[in-house]
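Worksheet: one structure, shown below.
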Amino acid sequence: MEDTSPTAADLPEGRIRVALSTTCSYPESTTAAFEIAARLGYDGVEVLVWTDPVSQDAAALRRLVEHFEVPVLSVHAPTLLLTQRTWGRGDPWGKLERSAELAATLGADTVVVHPPFRWQREYATGFVAGIEALEARTGVTMAVENMFPWRARGREVVAYAPGWDPTELGYRHLTLDYSHAATSGQDCLELTKAFGERLAHVHLCDGTGSAKDEHLVPGDGSQPVAAALAELARTGFAGVVAAEVNTRRARGRAAREEALARTLRFAREHLARTPEVTA
């Protein structure tokens, strides 16, 4: 039987696609994220592979795609600190291989990857070259995400290798997370420009510059999110903008959906604008 479920290729050309990360529904399930994305009108979903069995199961995800008529636009590999045991505790390269396979099976062309932790020494040593080789072998874009320094008792802790800032590293494709930019003391508009053509994926959120990774609704923090989105529109960005907003403290589904509806409105408004040209 022919698979007629929607994929990223079915979306209209010329409009920057806005996805809903399944992290946005936490503590609700992966299934809830699909339901919310469909109800609010998101273009698709970014699936974080984590402890929810549905997030790890291509067949289950395909059923959600078919039922809610919402495609998977990207997959987030289980490379977070809290997902280290997902798909086993060892073999980080195997996790990236499985993530690429999951993305390809679902018709998504991008996998979001965090850089290795410093204690993953062997993995970190060949990471930049390994990511490029994995892309070439699978045909899936492996977009490495900007992170931030950890802070403890007023001191910075080196947690990532070869580093938390991918700007000067040799990755072909990058993910820009606006909350991570805030936590690291950087500017998401300046990073958008610095990443240039390597920018393949965006995590839409906001932050105030706190040491805590906040993932606020865009516009609720101090990052120039509106200008960064307008810059994407100006430059003809061809990737996906995935909302990655923390709603875990929302008082029920209605409050969660209100925050995510506000996020989508913000994205649609500012992705349709062109920034002012400055000297």
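The values are calculated or read from the model by the stated rules, or taken from the named source; none is laboratory data. Note that this is a predicted model, so its numbers are computed, not measured. Here the Cβ positions follow ideal geometry from the backbone for every residue, glycine too, while neighbour counts run over all protein chains shown. All accessible areas refer to the heavy atoms of the entire protein, side chains included, with ligands and DNA or RNA removed. Shrake-Rupley method; radii C 1.70, N 1.55, O 1.52, S 1.80 Å.
With respect to the conditions (1) closer than 29 Å to L106 by Cβ; (2) touching a residue at least 12 places away in the same chain (Cβ under 8 Å); (3) of a type in the set (K, R), R137 lacks only one, and its number is (2). When R121, R98, R89, R85 are screened for being open to solvent by 50 Å² or more (accessible area, probe 1.4 Å) and modelled with pLDDT of 95 or more, only R98 passes.
Go through the range 22-60 residue by residue and tally those that are out of contact with any Ser or Thr (no Cβ under 7 Å at 6 or more places or on another chain), of a type in the set (S, T, Y) and not in a helix (DSSP H, G or I). Within the range 22-60, residues that are out of contact with any Ser or Thr (no Cβ under 7 Å at 6 or more places or on another chain), of a type in the set (S, T, Y) and not in a helix (DSSP H, G or I) number 3.
Being open to solvent by 10 Å² or more (accessible area, probe 1.4 Å), among the acidic types (D, E), over 16 Å from E244 (Cα atoms) and at pLDDT below 95, is that true of even one residue in the range 150-164?
To start, the set of residues in the range 150-164 that are open to solvent by 10 Å² or more (accessible area, probe 1.4 Å) comprises 150-158, 160-164.
Now drop any that are not among the acidic types (D, E), which leaves 156.
Restricting the remaining residues to those that are over 16 Å from E244 (Cα atoms) gives 156.
With at pLDDT below 95 added as a condition, the list becomes 156.
Checked against the condition, which is being open to solvent by 10 Å² or more (accessible area, probe 1.4 Å), among the acidic types (D, E), over 16 Å from E244 (Cα atoms) and at pLDDT below 95, the range 150-164 yields at least one hit.
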